[in-house]
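One structure below.
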Amino acid sequence: MALLSLVEVITAIREEGIEIQQTEVEGFIQQSWVIPLHEEGGYFFDEADKARIELICELRRDMAINDEAVPVILNLLDQLYGLRRTLGEIREAVRELPPDWRAAFEKRLTESLGE
Amino acid sequence: MSDLYSTLGVSREASADEIKRAYRKLAKELHPDLNPGDKTVEQRFKEINAAYSLLSDPDKRKRYDAGEIDAAGQEKPSRGFYRSYADAGMGQKYHGFDAEAAEDIFSDLFGGFGRSRRAGGRTPRQRGADVSYSVHIDFLEAANGARKRIQLADGKTVDVTIPAGTADGQTLRLKGQGLPGLGGAGAGDAYVEVHIAPHRFFTRKDSDIHLEVPVSLPEAVLGATISVPTVEGKVSMKVPAGANSGTTLRLKGKGTVDQKSGERGDQYVKLKVVLPEKPDAELQRFMESWGKEHGYDPRKKAGLA
(Lines give C-alpha, C1' and ligand atoms only; values in the text may rest on other atoms or scores of the structure.)
Protein backbone atom coordinates (compact mmCIF):
# COMPACT_ATOMS: atom_id res chain seq x y z
CA MET A 1 0.00 0.00 0.00
CA ALA A 2 1.44 3.35 -1.01
CA LEU A 3 1.49 6.31 1.36
CA LEU A 4 -0.50 9.54 0.87
CA SER A 5 0.99 13.03 0.91
CA LEU A 6 -0.52 15.80 3.03
CA VAL A 7 -2.59 17.12 0.11
CA GLU A 8 -3.69 13.62 -0.90
CA VAL A 9 -4.78 12.64 2.59
CA ILE A 10 -6.83 15.85 2.95
CA THR A 11 -8.52 15.21 -0.40
CA ALA A 12 -9.31 11.61 0.56
CA ILE A 13 -10.78 12.66 3.92
CA ARG A 14 -12.94 15.34 2.31
CA GLU A 15 -14.23 12.79 -0.19
CA GLU A 16 -15.59 10.84 2.77
CA GLY A 17 -17.66 13.84 3.79
CA ILE A 18 -15.44 15.13 6.60
CA GLU A 19 -14.48 18.78 6.24
CA ILE A 20 -10.86 19.50 7.19
CA GLN A 21 -8.27 22.21 6.67
CA GLN A 22 -4.59 21.72 6.04
CA THR A 23 -3.71 23.86 9.08
CA GLU A 24 -5.74 21.50 11.27
CA VAL A 25 -3.79 18.45 10.12
CA GLU A 26 -0.54 20.35 10.62
CA GLY A 27 -1.71 21.19 14.13
CA PHE A 28 -2.45 17.50 14.83
CA ILE A 29 1.08 16.63 13.70
CA GLN A 30 2.60 19.37 15.85
CA GLN A 31 0.77 18.05 18.91
CA SER A 32 1.91 14.50 18.03
CA TRP A 33 -1.70 13.37 17.88
CA VAL A 34 -0.87 11.96 14.47
CA ILE A 35 2.63 10.76 13.59
CA PRO A 36 2.99 10.41 9.83
CA LEU A 37 6.24 9.38 8.19
CA HIS A 38 8.37 12.50 7.88
CA GLU A 39 10.79 12.32 4.99
CA GLU A 40 12.48 14.75 2.65
CA GLY A 41 10.58 17.69 4.07
CA GLY A 42 7.16 16.13 3.46
CA TYR A 43 4.66 14.10 5.46
CA PHE A 44 3.38 10.72 4.31
CA PHE A 45 0.31 9.08 5.79
CA ASP A 46 -0.74 5.45 5.90
CA GLU A 47 -4.35 4.23 6.23
CA ALA A 48 -4.16 4.10 10.01
CA ASP A 49 -2.91 7.72 10.14
CA LYS A 50 -5.80 8.76 7.90
CA ALA A 51 -8.42 6.97 10.01
CA ARG A 52 -6.88 8.54 13.11
CA ILE A 53 -7.23 12.04 11.64
CA GLU A 54 -10.89 11.29 10.89
CA LEU A 55 -11.41 10.12 14.45
CA ILE A 56 -9.83 13.31 15.83
CA CYS A 57 -12.08 15.43 13.57
CA GLU A 58 -15.15 13.61 14.85
CA LEU A 59 -14.06 13.91 18.46
CA ARG A 60 -13.65 17.66 18.08
CA ARG A 61 -16.59 18.44 15.85
CA ASP A 62 -19.27 15.81 16.39
CA MET A 63 -18.64 15.20 20.06
CA ALA A 64 -17.55 18.72 21.06
CA ILE A 65 -14.38 17.43 22.71
CA ASN A 66 -12.08 20.41 23.24
CA ASP A 67 -8.41 20.46 22.35
CA GLU A 68 -7.35 20.04 25.96
CA ALA A 69 -9.25 16.77 26.23
CA VAL A 70 -8.35 15.27 22.85
CA PRO A 71 -4.89 14.02 23.94
CA VAL A 72 -6.40 12.50 27.08
CA ILE A 73 -8.84 10.50 24.98
CA LEU A 74 -6.21 9.51 22.41
CA ASN A 75 -3.86 8.36 25.14
CA LEU A 76 -6.55 6.20 26.75
CA LEU A 77 -7.61 4.83 23.36
CA ASP A 78 -4.02 3.98 22.52
CA GLN A 79 -3.71 2.08 25.75
CA LEU A 80 -7.00 0.34 25.03
CA TYR A 81 -5.88 -0.77 21.57
CA GLY A 82 -2.50 -1.80 22.95
CA LEU A 83 -4.27 -3.89 25.59
CA ARG A 84 -6.51 -5.45 22.97
CA ARG A 85 -3.42 -6.39 21.00
CA THR A 86 -1.80 -7.95 24.04
CA LEU A 87 -5.01 -9.79 24.84
CA GLY A 88 -5.05 -11.07 21.27
CA GLU A 89 -1.52 -12.36 21.72
CA ILE A 90 -2.49 -14.04 24.99
CA ARG A 91 -5.44 -15.64 23.23
CA GLU A 92 -3.07 -16.99 20.56
CA ALA A 93 -0.74 -18.29 23.25
CA VAL A 94 -3.62 -20.00 25.07
CA ARG A 95 -4.72 -21.65 21.83
CA GLU A 96 -1.34 -23.33 21.62
CA LEU A 97 -1.58 -24.81 25.12
CA PRO A 98 -2.36 -28.52 25.64
CA PRO A 99 -6.16 -29.14 25.77
CA ASP A 100 -6.30 -29.86 29.50
CA TRP A 101 -4.44 -26.60 30.29
CA ARG A 102 -6.86 -24.75 28.10
CA ALA A 103 -9.81 -26.34 29.87
CA ALA A 104 -8.40 -25.33 33.27
CA PHE A 105 -7.82 -21.81 31.98
CA GLU A 106 -11.35 -21.57 30.64
CA LYS A 107 -12.80 -22.87 33.89
CA ARG A 108 -10.86 -20.32 35.91
CA LEU A 109 -11.94 -17.48 33.64
CA THR A 110 -15.59 -18.52 33.66
CA GLU A 111 -15.51 -18.55 37.44
CA SER A 112 -14.14 -15.05 37.77
CA LEU A 113 -15.82 -13.37 34.82
CA GLY A 114 -19.19 -15.08 35.00
CA GLU A 115 -21.07 -16.04 31.88
CA MET B 1 -36.03 3.29 6.35
CA SER B 2 -36.98 4.36 9.84
CA ASP B 3 -37.91 7.88 10.82
CA LEU B 4 -34.85 10.09 11.16
CA TYR B 5 -36.21 11.87 14.22
CA SER B 6 -36.64 8.62 16.08
CA THR B 7 -33.16 7.54 14.98
CA LEU B 8 -31.81 10.51 16.91
CA GLY B 9 -34.44 10.17 19.63
CA VAL B 10 -35.90 13.65 19.20
CA SER B 11 -39.37 14.91 18.40
CA ARG B 12 -40.32 16.34 15.02
CA GLU B 13 -40.55 19.75 16.66
CA ALA B 14 -37.02 19.58 18.09
CA SER B 15 -34.93 22.72 17.67
CA ALA B 16 -31.66 22.68 15.73
CA ASP B 17 -29.85 22.84 19.03
CA GLU B 18 -31.71 19.87 20.46
CA ILE B 19 -30.91 17.86 17.36
CA LYS B 20 -27.24 18.75 17.68
CA ARG B 21 -27.16 17.79 21.34
CA ALA B 22 -28.94 14.50 20.67
CA TYR B 23 -26.48 13.70 17.91
CA ARG B 24 -23.46 14.53 20.05
CA LYS B 25 -24.69 12.34 22.85
CA LEU B 26 -25.24 9.39 20.52
CA ALA B 27 -21.94 9.94 18.69
CA LYS B 28 -20.03 9.80 21.98
CA GLU B 29 -21.79 6.58 22.81
CA LEU B 30 -21.68 4.87 19.43
CA HIS B 31 -18.51 5.97 17.63
CA PRO B 32 -16.94 2.70 16.43
CA ASP B 33 -13.42 3.76 17.44
CA LEU B 34 -14.61 4.25 21.02
CA ASN B 35 -16.15 0.77 20.99
CA PRO B 36 -13.47 -1.40 19.45
CA GLY B 37 -15.00 -4.75 20.40
CA ASP B 38 -18.58 -4.02 19.42
CA LYS B 39 -19.45 -4.89 15.84
CA THR B 40 -23.02 -3.63 16.01
CA VAL B 41 -22.24 0.03 16.73
CA GLU B 42 -20.87 0.74 13.27
CA GLN B 43 -24.26 0.40 11.55
CA ARG B 44 -25.97 2.44 14.28
CA PHE B 45 -23.32 5.12 14.01
CA LYS B 46 -23.81 5.31 10.26
CA GLU B 47 -27.55 5.71 10.75
CA ILE B 48 -27.31 8.51 13.27
CA ASN B 49 -24.65 10.16 11.14
CA ALA B 50 -26.93 10.02 8.10
CA ALA B 51 -29.90 11.27 10.13
CA TYR B 52 -27.89 14.16 11.52
CA SER B 53 -26.40 15.17 8.21
CA LEU B 54 -29.93 15.55 6.81
CA LEU B 55 -31.68 17.07 9.83
CA SER B 56 -28.87 19.52 10.59
CA ASP B 57 -29.35 21.13 7.19
CA PRO B 58 -32.42 23.43 7.55
CA ASP B 59 -33.26 23.23 3.86
CA LYS B 60 -33.01 19.46 3.66
CA ARG B 61 -34.92 19.13 6.92
CA LYS B 62 -37.79 21.21 5.53
CA ARG B 63 -37.95 19.05 2.43
CA TYR B 64 -37.76 15.88 4.49
CA ASP B 65 -40.65 17.10 6.67
CA ALA B 66 -42.65 17.87 3.55
CA GLY B 67 -41.99 14.37 2.27
CA GLU B 68 -40.02 15.59 -0.72
CA ILE B 69 -36.90 13.62 0.13
CA ASP B 70 -36.42 10.49 2.15
CA ALA B 71 -33.59 9.28 4.28
CA ALA B 72 -32.00 7.25 1.50
CA GLY B 73 -28.80 8.43 -0.06
CA GLN B 74 -27.69 10.30 3.04
CA GLU B 75 -25.18 7.75 4.18
CA LYS B 76 -21.64 8.86 3.75
CA PRO B 77 -19.37 6.61 1.71
CA SER B 78 -18.10 3.70 3.77
CA ARG B 79 -14.68 4.17 5.25
CA GLY B 80 -12.17 2.41 7.39
CA PHE B 81 -12.48 3.31 11.03
CA TYR B 82 -9.32 3.64 13.09
CA ARG B 83 -10.22 0.59 15.16
CA SER B 84 -9.94 -1.75 12.19
CA TYR B 85 -6.33 -0.67 11.61
CA ALA B 86 -5.43 -0.55 15.27
CA ASP B 87 -6.77 -4.05 15.85
CA ALA B 88 -5.00 -5.32 12.76
CA GLY B 89 -1.72 -4.26 14.29
CA MET B 90 -1.22 -1.11 12.23
CA GLY B 91 -0.62 2.20 13.92
CA GLN B 92 1.50 0.47 16.53
CA LYS B 93 3.59 3.58 16.93
CA TYR B 94 0.63 5.02 18.80
CA HIS B 95 0.04 2.23 21.22
CA GLY B 96 1.37 3.10 24.60
CA PHE B 97 0.94 -0.38 25.91
CA ASP B 98 2.68 -3.69 25.56
CA ALA B 99 3.43 -6.61 27.81
CA GLU B 100 6.61 -4.94 29.02
CA ALA B 101 4.75 -1.78 29.97
CA ALA B 102 2.23 -3.84 31.92
CA GLU B 103 4.88 -5.08 34.30
CA ASP B 104 2.44 -4.95 37.18
CA ILE B 105 0.23 -7.54 35.50
CA PHE B 106 2.80 -9.78 33.92
CA SER B 107 5.75 -9.77 36.27
CA ASP B 108 4.46 -12.47 38.57
CA LEU B 109 3.06 -14.43 35.66
CA PHE B 110 6.44 -14.91 34.00
CA GLY B 111 9.25 -13.83 36.30
CA GLY B 112 7.76 -15.03 39.56
CA PHE B 113 6.51 -18.31 38.21
CA GLY B 114 9.62 -20.18 39.32
CA ARG B 115 10.07 -18.36 42.60
CA SER B 116 6.89 -19.58 44.24
CA ARG B 117 7.68 -23.11 43.13
CA ARG B 118 11.17 -22.99 44.56
CA ALA B 119 9.77 -21.94 47.91
CA GLY B 120 8.15 -25.36 48.08
CA GLY B 121 11.55 -26.98 48.18
CA ARG B 122 11.23 -29.13 45.07
CA THR B 123 12.14 -27.74 41.70
CA PRO B 124 10.38 -29.42 38.82
CA ARG B 125 12.22 -29.60 35.52
CA GLN B 126 10.55 -27.27 33.16
CA ARG B 127 11.70 -25.58 30.00
CA GLY B 128 11.63 -21.78 30.19
CA ALA B 129 8.75 -19.91 28.62
CA ASP B 130 8.99 -18.44 25.15
CA VAL B 131 8.78 -14.68 24.94
CA SER B 132 7.65 -12.44 22.11
CA TYR B 133 9.05 -9.15 20.96
CA SER B 134 8.38 -6.96 18.02
CA VAL B 135 10.76 -4.88 15.99
CA HIS B 136 9.94 -2.07 13.56
CA ILE B 137 12.03 -1.69 10.45
CA ASP B 138 11.70 0.34 7.33
CA PHE B 139 10.91 -0.95 3.88
CA LEU B 140 14.48 -0.93 2.57
CA GLU B 141 15.85 -2.68 5.66
CA ALA B 142 13.35 -5.47 5.02
CA ALA B 143 14.22 -5.65 1.33
CA ASN B 144 18.00 -5.60 1.78
CA GLY B 145 18.36 -7.20 5.17
CA ALA B 146 19.56 -5.47 8.33
CA ARG B 147 20.77 -5.99 11.86
CA LYS B 148 18.62 -4.61 14.64
CA ARG B 149 19.48 -4.42 18.29
CA ILE B 150 16.65 -5.25 20.64
CA GLN B 151 16.52 -5.26 24.39
CA LEU B 152 15.24 -8.41 26.02
CA ALA B 153 13.05 -8.54 29.11
CA ASP B 154 16.06 -9.40 31.29
CA GLY B 155 17.93 -6.29 30.14
CA LYS B 156 20.25 -8.14 27.77
CA THR B 157 20.52 -6.78 24.25
CA VAL B 158 20.80 -8.99 21.21
CA ASP B 159 21.46 -8.18 17.60
CA VAL B 160 18.79 -9.69 15.42
CA THR B 161 19.67 -10.40 11.83
CA ILE B 162 16.76 -9.50 9.60
CA PRO B 163 17.27 -11.47 6.40
CA ALA B 164 16.77 -9.74 3.06
CA GLY B 165 13.22 -10.32 1.82
CA THR B 166 11.66 -10.52 5.27
CA ALA B 167 7.89 -10.08 5.03
CA ASP B 168 5.71 -7.86 7.20
CA GLY B 169 4.42 -9.83 10.19
CA GLN B 170 7.06 -12.54 9.80
CA THR B 171 8.38 -13.97 13.04
CA LEU B 172 12.05 -14.69 13.66
CA ARG B 173 13.08 -17.21 16.29
CA LEU B 174 16.00 -16.61 18.61
CA LYS B 175 16.77 -19.98 20.08
CA GLY B 176 17.42 -20.06 23.80
CA GLN B 177 16.79 -16.35 24.31
CA GLY B 178 13.49 -16.82 26.15
CA LEU B 179 13.08 -17.17 29.91
CA PRO B 180 15.44 -19.52 31.78
CA GLY B 181 14.25 -23.04 32.47
CA LEU B 182 13.70 -24.60 35.89
CA GLY B 183 15.60 -27.50 37.39
CA GLY B 184 18.28 -27.49 34.73
CA ALA B 185 15.92 -27.50 31.76
CA GLY B 186 16.75 -25.33 28.76
CA ALA B 187 15.67 -21.76 28.25
CA GLY B 188 12.69 -20.93 26.06
CA ASP B 189 12.98 -19.16 22.76
CA ALA B 190 12.41 -15.54 21.89
CA TYR B 191 10.17 -14.77 18.95
CA VAL B 192 10.56 -11.47 17.20
CA GLU B 193 7.72 -10.26 15.03
CA VAL B 194 8.89 -7.92 12.30
CA HIS B 195 6.79 -4.92 11.35
CA ILE B 196 7.68 -3.16 8.13
CA ALA B 197 6.78 0.48 7.53
CA PRO B 198 5.42 1.23 4.06
CA HIS B 199 7.64 3.08 1.63
CA ARG B 200 6.93 6.37 -0.10
CA PHE B 201 7.05 4.98 -3.60
CA PHE B 202 7.99 1.30 -3.53
CA THR B 203 5.41 -1.36 -2.90
CA ARG B 204 6.18 -5.02 -2.57
CA LYS B 205 4.37 -8.12 -3.74
CA ASP B 206 6.15 -11.24 -2.52
CA SER B 207 9.69 -10.80 -3.78
CA ASP B 208 8.78 -8.35 -6.55
CA ILE B 209 9.01 -4.60 -6.13
CA HIS B 210 6.55 -2.31 -7.87
CA LEU B 211 7.09 1.35 -8.62
CA GLU B 212 5.44 4.02 -10.73
CA VAL B 213 7.82 6.35 -12.57
CA PRO B 214 6.78 9.55 -14.37
CA VAL B 215 8.33 10.20 -17.80
CA SER B 216 8.16 13.30 -19.95
CA LEU B 217 6.34 13.42 -23.27
CA PRO B 218 9.57 13.50 -25.34
CA GLU B 219 10.98 10.57 -23.32
CA ALA B 220 7.82 8.56 -24.01
CA VAL B 221 7.57 9.39 -27.71
CA LEU B 222 11.24 9.19 -28.60
CA GLY B 223 12.50 6.72 -26.04
CA ALA B 224 15.20 7.52 -23.49
CA THR B 225 17.50 6.11 -20.89
CA ILE B 226 16.37 7.22 -17.46
CA SER B 227 17.59 6.71 -13.93
CA VAL B 228 15.25 4.63 -11.75
CA PRO B 229 15.54 3.87 -8.02
CA THR B 230 15.66 0.24 -6.93
CA VAL B 231 15.91 -1.13 -3.42
CA GLU B 232 19.66 -1.38 -3.95
CA GLY B 233 20.15 2.07 -5.46
CA LYS B 234 19.71 3.76 -8.78
CA VAL B 235 20.02 1.94 -12.09
CA SER B 236 19.57 3.22 -15.61
CA MET B 237 16.68 1.85 -17.58
CA LYS B 238 15.83 2.11 -21.26
CA VAL B 239 12.38 3.50 -22.02
CA PRO B 240 11.43 2.26 -25.51
CA ALA B 241 10.23 4.79 -28.09
CA GLY B 242 6.43 4.95 -28.08
CA ALA B 243 6.11 3.96 -24.42
CA ASN B 244 2.73 4.81 -22.93
CA SER B 245 1.18 5.56 -19.54
CA GLY B 246 0.70 2.17 -17.96
CA THR B 247 3.49 0.48 -19.90
CA THR B 248 5.23 -1.73 -17.37
CA LEU B 249 8.89 -2.57 -17.74
CA ARG B 250 10.69 -5.28 -15.85
CA LEU B 251 14.09 -4.93 -14.24
CA LYS B 252 15.09 -8.55 -13.83
CA GLY B 253 16.64 -9.51 -10.52
CA LYS B 254 16.09 -6.07 -8.99
CA GLY B 255 13.45 -7.20 -6.52
CA THR B 256 14.11 -8.61 -3.09
CA VAL B 257 15.03 -12.15 -2.08
CA ASP B 258 12.42 -14.88 -2.10
CA GLN B 259 13.01 -16.57 1.23
CA LYS B 260 11.94 -20.01 0.02
CA SER B 261 13.89 -20.26 -3.21
CA GLY B 262 16.63 -17.79 -2.34
CA GLU B 263 16.17 -16.20 -5.76
CA ARG B 264 15.78 -12.52 -6.33
CA GLY B 265 12.45 -11.17 -7.58
CA ASP B 266 12.08 -8.47 -10.19
CA GLN B 267 11.24 -4.82 -10.12
CA TYR B 268 8.27 -3.71 -12.18
CA VAL B 269 8.34 -0.12 -13.34
CA LYS B 270 5.02 1.29 -14.47
CA LEU B 271 5.41 4.38 -16.61
CA LYS B 272 3.25 7.45 -16.30
CA VAL B 273 3.49 9.98 -19.11
CA VAL B 274 3.37 13.50 -17.72
CA LEU B 275 2.77 16.59 -19.86
CA PRO B 276 4.69 19.81 -19.18
CA GLU B 277 3.38 21.55 -16.07
CA LYS B 278 2.34 24.66 -17.96
CA PRO B 279 0.51 24.51 -21.29
CA ASP B 280 3.02 25.19 -24.03
CA ALA B 281 1.97 27.26 -27.05
CA GLU B 282 4.47 25.62 -29.37
CA LEU B 283 3.34 22.13 -28.37
CA GLN B 284 -0.30 23.17 -28.85
CA ARG B 285 0.38 24.46 -32.36
CA PHE B 286 2.27 21.32 -33.23
CA MET B 287 -0.55 19.12 -31.88
CA GLU B 288 -3.13 21.01 -33.89
CA SER B 289 -1.39 20.34 -37.18
CA TRP B 290 -0.33 16.83 -36.12
CA GLY B 291 -3.82 15.92 -34.95
CA LYS B 292 -5.39 16.86 -38.25
CA GLU B 293 -3.35 14.27 -40.08
CA HIS B 294 -3.04 11.61 -37.39
CA GLY B 295 -6.30 11.53 -35.46
CA TYR B 296 -6.84 8.40 -33.34
CA ASP B 297 -9.55 7.37 -30.92
CA PRO B 298 -8.23 5.45 -27.90
CA ARG B 299 -11.71 5.41 -26.29
CA LYS B 300 -13.12 3.52 -29.24
CA LYS B 301 -10.41 0.88 -28.84
CA ALA B 302 -11.19 0.68 -25.12
CA GLY B 303 -14.88 0.15 -25.91
CA LEU B 304 -15.90 3.43 -24.30
CA ALA B 305 -17.02 5.25 -27.44
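The values are calculated or read from the model by the stated rules, or taken from the named source; none is laboratory data. All figures in this text were calculated on a predicted structure; none of them were measured in a lab. With ideal geometry, Cβ positions are generated from the backbone for all residues, glycine too; neighbour counts draw on all protein chains shown.
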Of everything in region A:36-62, what is small (Gly, Ala, Ser) and assigned to a strand (DSSP E or B)? Give them in sequence order.
A:42
Are any residues in region B:146-168 free of Cβ contacts under 8 Å to residues at least 60 places away in the same chain, surrounded by fewer than 17 Cβ atoms within 10 Å (Cβ to Cβ) and within 20 Å of residue B:209 (Cβ to Cβ), and if so, which ones?
B:168
Which listed residue, of B:171, B:203, is without any contact (Cβ under 8 Å) to a residue 60 or more places away in the chain, within 12 Å of chain A (Cβ to nearest Cβ), touching a strand residue (DSSP E or B) at 6+ places or on another chain (Cβ under 6 Å) and surrounded by 14 or more Cβ atoms within 10 Å (Cβ to Cβ):
B:203
Among the residues of region B:244-270, the number that are touching a helix residue (DSSP H, G or I) at 6+ places or on another chain (Cβ under 9 Å) and touching a residue at least 40 places away in the same chain (Cβ under 8 Å) is 3
Within region A:27-45, how many residues are in contact with a helix residue (DSSP H, G or I) (Cβ under 8 Å, 6 or more places away or on another chain) and not aromatic (Phe, Trp, Tyr)?
5
All positions within region B:206-218 that are free of Cβ contacts under 8 Å to residues at least 60 places away in the same chain, closer than 18 Å to residue B:250 by Cβ and away from chain A (no Cβ under 14 Å)
B:206, B:207, B:215
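Within region A:18-52, restricting attention to residues that are loosely packed, with under 14 Cβ neighbours inside 10 Å and small (Gly, Ala, Ser), which residue is nearest to the chain's Cα centre (by Cα)?
A:32
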What do you reckon, is residue A:89 part of a helix (DSSP H, G or I), facing another protein chain (nearest Cβ under 7 Å) and more than 30 Å from residue B:139 (Cβ to Cβ)?
no
The lone exception for residue A:59 - which of (1) crowded, with 16+ Cβ neighbours inside 10 Å; (2) touching a residue at least 24 places away in the same chain (Cβ under 8 Å); (3) within 22 Å of residue B:35 (Cα to Cα) it fails
(2)
Go through region A:37-72 residue by residue and tally those that are within 8 Å of chain B (Cβ to nearest Cβ), farther than 15 Å from residue B:82 by Cα and touching a strand residue (DSSP E or B) at 6+ places or on another chain (Cβ under 8 Å).
2
Boolean, residue B:273 is in contact with a helix residue (DSSP H, G or I) (Cβ under 7 Å, 6 or more places away or on another chain), outside the structural domain of residue B:143 (by TED's automatic domain parsing) and not in a loop (DSSP other than H, G, I, E, B):
yes
So residue A:40 ticks every box in (1) assigned by TED's automatic domain parsing to the domain that holds residue A:2; (2) touching a residue at least 12 places away in the same chain (Cβ under 8 Å) but one. Which box is left unticked?
(2)
Enumeration of residues in region A:92-111 that are surrounded by 12 or more Cβ atoms within 10 Å (Cβ to Cβ) and either in contact with a His (Cβ under 9 Å, 6 or more places away or on another chain) or not in a helix (DSSP H, G or I) (or both):
A:97
Please tell me if residue B:83 is surrounded by 14 or more Cβ atoms within 10 Å (Cβ to Cβ), among the basic types (Lys, Arg) and at pLDDT below 85.
no
Only one of B:64, B:5 is in a helix (DSSP H, G or I), in contact (Cβ under 8 Å) with a residue 60 or more places away in the chain, hydroxyl-bearing (Ser, Thr, Tyr) and away from chain A (no Cβ under 12 Å); which?
B:64
From (1) under 22 Å from residue B:233 (Cβ atoms); (2) over 16 Å from the mean Cα position of the chain (by Cα); (3) surrounded by fewer than 16 Cβ atoms within 10 Å (Cβ to Cβ), pick out the condition that doesn't hold for residue B:217.
(1)
Consider residue B:75 carefully, then state whether it is in a helix (DSSP H, G or I) and at pLDDT below 90.
no
Every residue in region A:6-32 that is more than 9 Å from chain B (Cβ to nearest Cβ), over 20 Å from residue B:136 (Cα atoms) and not in a helix (DSSP H, G or I), please.
A:19, A:20, A:21, A:31
